[in-house]
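The next block holds one structure in the form of structure tokens; read it before the comments.
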Amino acid sequence: MSDWKHQNPNPDIPSAATAPALLGLRRAVARAAMLWERAWPALWPAVGIAGLFLALALLGGLSALPGWLHGLILLGFAILFAAQTWRGFRRVKPPTDAEATRRLETDSNLPHRPLTVIKDRPAIGVVDPETEQLWRLHLAQSAAAARNIHLRWPHPNLAGRDPYALRIGLGVLLIVGVIVAGSDATNRLARAVTPDMHGLANGPSASLELWITPPDYTNLPPRLLASADPDATAARGDAGESEIAIPAGSTLLAQVSDARRTPSLHIADVSQDLVSVSENSWRIDASLDDVGPQSIRVNASGRTLGEWHVTVEPDRAPEISFVESPQGTTSNTLQLSYAGTDDHGIVGVSAEITWPGVVTGQTFPPVAIELPLPRPDPREGSAVSVHDLTEHPWAGLEVDIRLTATDGRGQTGHTDRLAVLLPERRFNHPVAREIIEQRRVLALSPDNRREVARSLHNIGSFPARFDNDVVVFLALMSARSRLVHERGATDVTPILSQLWDTALRLEDGALSLTQRELADLQEQLQQAIQDGAGDEEIQALMEELRAALDRYLEALAQNLSQALEGMDLSLLPEAGDNLDIIDQEAIQALLEQLEQMARLGDTESVKQLLERMQQMLQALRDAPNQLQQQSSSPAQEMLRELQDVVRRQQELQDDLFQRNQRGERLSEEEARRLREAQNEIRRQLGELMRQLGEMTNQIPENLGNAEDAMGDAEGAIGRGEMGQALGDQARALAELQQGAQSMALQLLRRPGQGQGPGQQQGLAQPGEEGFDPLGRRLPSENEDQPFGVDSGQQGIGDGEQV
């Protein structure tokens with residue numbers, strides 16, 4: 001073919017301009033498709049090798065291998081990949097324009113190769129018009145056919161190179177690897193290309209020790225997740241538990257040794273570097289507070305030393321509720337029954353008491369009471385607590401009570417506020433009642449302090465009404481003076497406390513003071529045990545507690561004896577199951593157990609024993625009230641008969657005393673009549689003692705002494721010795737009085753009835769020689785008589801008139 005410019009003198013003859021639009025772009029695309037079809041089969045072995053490496057890296061298979069083996073496999077992959085890549089590129093030949101044009105004609109199914117014709121020229125040029133016209137028609141037909149060209153998708157024919165379809169398996173493996181790696185894909189790929197060759201050096205490889213310690217209040221043991229000893233625990237999550245549950249607030253401790261670079265701790269998306277503690281050791285503490293699933297990973301020396309998936313469980317707030325509504329007891333104490341639950345245990349229970357009323361001039365803070373923990377398990381249990389709040393100014397008023405439970409994390413749970421009438425103490429002494437009434441007026445209306453001062457002065461103006469007790473008188477006058485002169489002081493709480501102590505002294509004597517001393521020592525003992533006091537301090541507190549308990553029991557025995565002296569013994573019933581009369585042996589056994597638990601530092605057991613002691617002492621204190629509240633029983637007949645013996649003996653003594661006062665001498669007839677009367681009383685007492693012995697298997701020794709004294713009086717009357725007879729009769733009456741008290745308590749403590757905790761056979765019984773009504777040994781010397789002054793005095797000292 002000759003040159004067109006020389007052989008075609010007519011420049012209007014069609015040329016390549018008649019080609020379809022964008023033919024050059026379509027030819028370039030065709031060349032790219034042909035290049036892909038040639039390159040992909042040639043490079044498939046290299047791509048397969050690279051895909052296999054990525055799948056193993058994402059699945060963590062390579063980083064799990066020893067460093068030396070990891071390095072060898074990585075080198076093998078690199079060599080294979082490079083060799084197959086070089087071989088593949090050598091086999092790939094880029095397509096030419098003619099091949100691309102032919103590809104377009106073939107894919108478009110164009111006959112007679114129109115794209116080639118468009119670029120073609122006549123071989124010998126145009127020699128005449130007819131030839132030129134014919135050539136133009138041929139070009140037009142080719143251009144029209146070329147307008148319908150299109151290109152099919154590439155067909156690399158990879159099946160020919162991969163007849164077993166390994167490419168599908170590789171694709172599935174890659175998808176699984178991406179899913180397993182998740183957000184850690186980048187780190188896994190980095191670890192796959194950085195094998196740990198530190199083990200090949202002279203030094204040891206990096207080791208990890210990781211602990212998770214739950215909060216102390218959960219009472220859960222620490223968990224070892226990784227150890228330097230490979231036999232102790234698995235260092236990787238896939239070798240241990242798939243999911244580890246830990247409570248919120250747990251502490252993570254990680255320690256890495258012999259790492260080449262500073263290790264890092266990754267918790268979820270947060271990363272922290274470990275702190276160097278020595279040349280080749282790092283450690284870190286972290287708190288796990290975020291609730292929910294989390295991942296924990298420790299990296300060192302370019303690899304992961306350990307990885308775990310944990311679930312941080314939330315710490316639920318405690319729950320507490322009233323088992324029954326708060327109520328007052330027969331001893332004027334407030335009883336609180338409640339139940340509580342918490343996932344890790346309740347560490348504190350308290351009650352808050354508020355008064356909805358308004359006090360002008362004085363505001364009393366809410367009453368806060370620490371309560372025992374639920375038993376038998378602080379995680380789920382119940383408890384009953386009794387509290388004496390009769391001293392509080394709100395006693396006798398309707399108050400609101402709310403309980404609060406606290407767990408080890410400081411979370412709290414509350415009950416609803418319940419309205420309850422706060423128990424108040426009823427005073428029997430008239431002066432004590434007047435003092436308490438003025439105390440209440442002062443507590444609720446502090447502005448009326450002058451009126452209260454005037455009333456206290458009036459009460460103290462008649463000391464005979466309170467047996468001329470100088471302590472009571474001085475307390476009344478002191479309270480009066482403070483109310484008058486301390487006008488600027490708005491807090492009347494000290495005066496309220498002083499008036500309360502004064503009323504208690506009138507009502508109970510030394511009992512209330514010893515009770516308060518005993519309560520203070522119990523509180524000191526509990527605090528000392530909680531503070532980890534030594535054996536010497538515990539021993540000293542126990543000695544003080546024993547001494548205080550002796551003083552309390554002594555005062556209690558005196559009050560009980562006085563109550564029985566003023567009580568109609570014929571109204572005393574048999575003991576019921578709800579009446580507890582406890583002897584000293586039971587309390588002594590409790591003290592020994594308390595001392596043993598205190599030495600062991602068992603705070604909870606000490607608290608329970610002290611509560612039990614309080615219940616036993618309260619039972620003793622309430623004994624007279626319980627005696628009077630019991631219903632009638634057959635034992636009353638014996639008590640009435642004993643009172644009849646006392647009455648007849650008293651009448652006989654009065655008759656003989658009057659005769660002796662008049663100086664009369666007994667005739668034989670009168671002596672015989674008096675002897676028979678004395679003998680009849682003695683026989684009546686003997687029959688009563690026989691019945692009592694059959695009922696209780698034991699007879700108070702006082703009654704036997706009274707019978708002997710009656711026999712001596714009978715003999716003295718027969719001899720005409722009236723003075724001697726009167727002495728014997730007085731001795732008999734005294735023994736009868738003591739025997740009556742002992743008999744009443746002995747009936748209450750019959751075996752099988754009214755037997756309190758700790759009673760045993762063979763213990764000292766009321767009425768035995770040397771023991772008081774509580775079964776306690778009596779002192780060897782008589783008590784000093786209380787202070788007294790002439791009842792005719794109107795006052796002691798001078799007081800300011802109000």
If I take the Cα coordinates of the stretch 294-424 and project them onto the principal axes, what are the three extents in Å, biggest first? 75, 37, 20
Rounded, prolate or oblate: which fits the stretch 514-553, taking a ≥ b ≥ c as square roots of the Cα gyration tensor eigenvalues, rounded meaning a/c under 1.5, else prolate when a/b beats b/c? oblate
Go through the stretch 276-281 residue by residue and turn each phi into a ³J(HN,Hα) via Karplus (6.51, -1.76, 1.60, θ = phi - 60°); whole Hz please, and just put x for glycine and proline. 6, 10, 7, 4, 10, 9
What ranking, highest mean first, results for peptides 260-271, 467-478 when packing means the other Cβ atoms within 10 Å averaged over each residue? 467-478, 260-271
Using a 1.4 angstrom probe, figure out how much accessible area the stretch 366-505 has per residue, in square angstrom, rounded to the nearest whole. 46 Å²
Roughly to the nearest percent, how much of the accessible area of the stretch 396-454 is carbon and sulfur, given a 1.4 Å probe? 42 percent
Rounded if a/c is under 1.5, else prolate if a/b beats b/c, else oblate: with a ≥ b ≥ c from the C-alpha gyration tensor eigenvalues square-rooted, which is the stretch 633-686? oblate
With all protein chains present, how much of the accessible area of the stretch 301-384 (probe radius 1.4 Å) comes from carbon and sulfur, to the nearest whole percent? 51 percent
Could you give the accessible area per residue of the stretch 650-727, probe 1.4 Å, as a whole number in Å²? 55 Å²
Hey, got the dipole for the stretch 250-339? About the Cα centre, +1 on K and R Cβ, -1 on D and E Cβ, debye to the nearest 20? 360 debye
Can you tell me the dipole magnitude for the stretch 404-532 around its Cα centre, using point charges on the Cβ only (Lys, Arg +1; Asp, Glu -1), in Debye to the nearest 20? 560 debye
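The values are calculated or read from the model by the stated rules, or taken from the named source; none is laboratory data. The structure presented is a predicted model; accordingly, all values stated were derived computationally and were not measured. Quick reminder, even Gly has a Cβ in these numbers, built from the backbone with ideal geometry, and neighbours come from all protein chains shown. The area values use the complete protein model at the heavy-atom level, side chains included, leaving out ligands, DNA and RNA. Shrake-Rupley method; radii C 1.70, N 1.55, O 1.52, S 1.80 Å.
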